[in-house]
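The values are calculated or read from the model by the stated rules, or taken from the named source; none is laboratory data. Keep in mind the model is a prediction, meaning the values are calculated, not measured. Positions of Cβ are backbone-derived with ideal geometry, glycine not excepted, and every protein chain shown enters the neighbour counts. Quick note on the areas: whole protein, heavy atoms, side chains included, nothing else; ligands and nucleic acids left out. Shrake-Rupley method; radii C 1.70, N 1.55, O 1.52, S 1.80 Å.
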Amino acid sequence: MTDLAHDENDDQGRPTHVEHPTVDERRARGKVARRVSPRTNHAAWTAPAGRDAIAVLEAQAPTRVAELVPIRYGRMAANPFAFYRGAAAIMAADIAASTPRTHLDVQLCGDAHLANFGGFASPERSFVFDINDFDETHRGPFEWDLKRLAASIEIAARSRGFDAAIARTAVLKSVRHYRESMRTFASMRNLDLWYVRLDVDGIRARWGSDLGAKAMKTFERGVVKAESKDRLKAMAKLTTLVDGELRFLSDPPLLVPVEELFAELDPAAVHAGIQTAYHGYRRSLAGDRRHLLEGYRMVDLARKVVGVGSVGTRAWVLLLVGRDEGDPLFLQVKEAEASVLEPFSTKSGFANHGQRVVEGQRLMQAASDIFLGWQRTDGVDGRPHDYYMRQLWDWKASVNLEVIAPEILGIYAEMCAWTLARAHARSGDPIAISSYLGASDTFDNAIAEFAVAYADQNDRDHRALTDSITAGRIDATLGV
C-alpha cells in the first residue's frame, strides 16, 4: 500500500513518493534477502586480487594537511587496534568487493568500531550513551556497520591478550544483542522507537546485574567525571589570558593558534575570512540555537589534531566568549570529505559533506549537540572545504579499551550493539532486518567467523604499515 503519488524530489535529490508496505510485506522483504544473500555467506572473507592496504591510505593523503599525515601513520602504527581505527577506507573497499550484500539499507555510521561509541550530554542535560563519530556516515547495507563493530571487538580482545574463546564470546554477545534488539525495535510503534535512548538508568536496568555492584559504581563515578569535562575544563586546559583576553595556548603540532599557522598573511584578512565562515555556519542552525549563539562573540581559532583516522584532515577549535571571560564556548570545526563508503554505494545526495555528516548524525543519534551545523569555506590553499561544527567537550566519556576486563568487554560490546541496532532501526526497516536475521544464531556465528578472518587481515595490514615505515616507504611521526 502506498501514499498518493508525487513526482518531485526533495532538496537532497530523494523522491518524495514514499512506499508504505504492510508489515507482512516488510517481513517478506527480509525473507527474500535471505535467498539473495544467505546468512551463512557472511562468514566468508577473501582478500580481493591486487589488494594493497597501504596504497589505500596513501590515496587519502593528497587532500590532507601534508605536515600532519606522518602523525596519522605514527598513531596507526602503535598497535593493530590503532591501525584499525584509521583503516575505515580499507575496510569499506574490502567488504564492498568481497562480502555479500543484503540490500537492506540503513543510515550507516561508516566507522562503527568500539572506540566510536561513548557518553555525552543530551540537550536536556542528561548523560546518554550513543555513537559519537559520523565522518563516514552514508546509506548502505546494515551488515557493513555490524561487521566493522564485530571485527573491532575481536581486535580489541587480541590487543588485551585475551584468548580466542573470550574474543569469540564477546563478538557473539554483540551480534546476538543486535539481532534480539532489532526484533524488539521491529515490534515498536514508529514514534515510540524514535524516542528510545540509552541513559544511566537504562544502562543500570539492562546491564546493572551483569556488571555487578563494584563495576556499576565505577561506571557511575565515570559519569560524574565526564560531567566535569565541559567548556570550563577546556578553558583551563587549552587557553591562557593575553592582555586580559582568552587565547589558545600554543602546543605544536597538536594545538596551533591561527596566527602562528598563517604568520605570513594579513591577520585582519585571516580573521575576516573566519568571520565570514562563522556567519555562514550560523545560518545552518535552527532559529533558537542561532539566537543563543549570537550571545557569544568569536575570540580565537586554533588547529587541533584529533583522533587517529581523522589526523591530517583540517580540524579546528573555535573559542567564543559570552557574558564575560568566565563564560566560554568551544566549537570543534572538522573537515568533512566524501564518505569512504560513497564509491561503493550511491552518491551522496548532499552538496555539502558537512551537511551529510550532520544529517546522518541527527538521524542515527537519539540526542545530538545543539550547535551541530555545517559550512563550506575557501581555504588558504585556494580550494573550498566542507566542515561541520559541534561543541568540543560536553560531558564526553569513553571506555578505556587498553585496560578493559574480559567480562566488561562482553557487556560493552552488547551496549554498542544495542545502540547500533537502535540507530539502524530509526533509519532503515527494522521489520525487514529482523526478518532477515531470524531467531536462530546462524547470522551470529557467521559474523563471528568473519570477525576472526578480518582481524587476521588487520594484523597483516598493520605489519605492512610498520614494515613500510621501517623501509622508508612511509614517513611516520611516532609517539605524538
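Each row is one residue, and each column tells you yes or no for (1) within 22 Å of residue 105 (Cβ to Cβ); (2) in contact with a strand residue (DSSP E or B) (Cβ under 9 Å, 6 or more places away or on another chain).
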| site | (1), (2) |
| --- | --- |
| 309 | no, no |
| 333 | no, yes |
| 341 | yes, yes |
| 346 | yes, yes |
| 360 | yes, yes |
| 363 | yes, yes |
| 374 | no, yes |
| 381 | no, no |
*Any chance region 430-442 includes a residue that's open to solvent by 10 Å² or more (accessible area, probe 1.4 Å), of a type in the set (A, V, I, L, M, F, W, C) and under 17 Å from the mean Cα position of the chain (by Cα)?*
no
*Would you be able to say whether some residue in region 185-200 is touching a strand residue (DSSP E or B) at 6+ places or on another chain (Cβ under 6 Å) and in a helix (DSSP H, G or I)?*
yes
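Here is a yes/no grid of residues against (1) touching a Leu at 6+ places or on another chain (Cβ under 7 Å); (2) farther than 21 Å from residue 65 by Cα; (3) not hydroxyl-bearing (Ser, Thr, Tyr):
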site	(1), (2), (3)
262	no, no, yes
265	no, no, yes
280	no, yes, yes
299	yes, yes, yes
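Looking only at residues in region 355-385 that are more than 22 Å from residue 121 (Cβ to Cβ) and within 17 Å of the chain's Cα centre (by Cα), which one is surrounded by the fewest Cβ atoms within 10 Å (Cβ to Cβ)?
So the first thing to find is which residues in region 355-385 are more than 22 Å from residue 121 (Cβ to Cβ), and the list is 355-356, 375-385.
If we keep only those that are within 17 Å of the chain's Cα centre (by Cα) too, we end up with 355-356.
On the way: 355: 21, 356: 27.
Looking at residues that are more than 22 Å from residue 121 (Cβ to Cβ) and within 17 Å of the chain's Cα centre (by Cα), I get 355.
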*Check region 392-401 and report whether any residue there is out of contact with any strand residue (DSSP E or B) (no Cβ under 9 Å at 6 or more places or on another chain), surrounded by fewer than 22 Cβ atoms within 10 Å (Cβ to Cβ) and closer than 24 Å to residue 165 by Cα.*
yes
*In region 177-209, how many are hydrophobic (A, V, I, L, M, F, W, C), closer than 22 Å to residue 428 by Cβ and in contact with a helix residue (DSSP H, G or I) (Cβ under 7 Å, 6 or more places away or on another chain)?*
7
*Does residue 157 qualify as being crowded, with 23+ Cβ neighbours inside 10 Å and either more than 17 Å from residue 402 (Cα to Cα) or not aliphatic (A, V, I, L, M) (or both)?*
no
*Return the residue satisfying two criteria in turn: it lies in region 110-142 and is surrounded by 24 or more Cβ atoms within 10 Å (Cβ to Cβ) and out of contact with any helix residue (DSSP H, G or I) (no Cβ under 7 Å at 6 or more places or on another chain), and of such residues it is farthest from residue 332 (Cα to Cα).*
141
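Is it the case that residue 475 is open to solvent by less than 10 Å² (accessible area, probe 1.4 Å), among the acidic types (Asp, Glu) and touching a residue at least 40 places away in the same chain (Cβ under 8 Å)? If you could, list the steps in order and put the result at the bottom.
Numbers: open to solvent by less than 10 Å² (accessible area, probe 1.4 Å): no; among the acidic types (Asp, Glu): yes; touching a residue at least 40 places away in the same chain (Cβ under 8 Å): yes.
Considered against the rule, which asks whether it is open to solvent by less than 10 Å² (accessible area, probe 1.4 Å), among the acidic types (Asp, Glu) and touching a residue at least 40 places away in the same chain (Cβ under 8 Å), residue 475 comes out as no.
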*Tell me which residues, restricted to region 445-460, are within 23 Å of the chain's Cα centre (by Cα), closer than 13 Å to residue 167 by Cα and open to solvent by 10 Å² or more (accessible area, probe 1.4 Å).*
452
*Go through region 148-183 and give me each residue that's in contact (Cβ under 8 Å) with a residue 24 or more places away in the chain and closer than 18 Å to residue 30 by Cβ.*
175, 176, 178, 179, 181, 182, 183
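Go through region 452-466 and report how many residues are touching an Asp or Glu at 6+ places or on another chain (Cβ under 7 Å) and under 15 Å from residue 90 (Cα atoms).
1
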_Among the residues that make up region 117-125, is at least one of them at pLDDT 95 or above and in a loop (DSSP other than H, G, I, E, B)?_
no
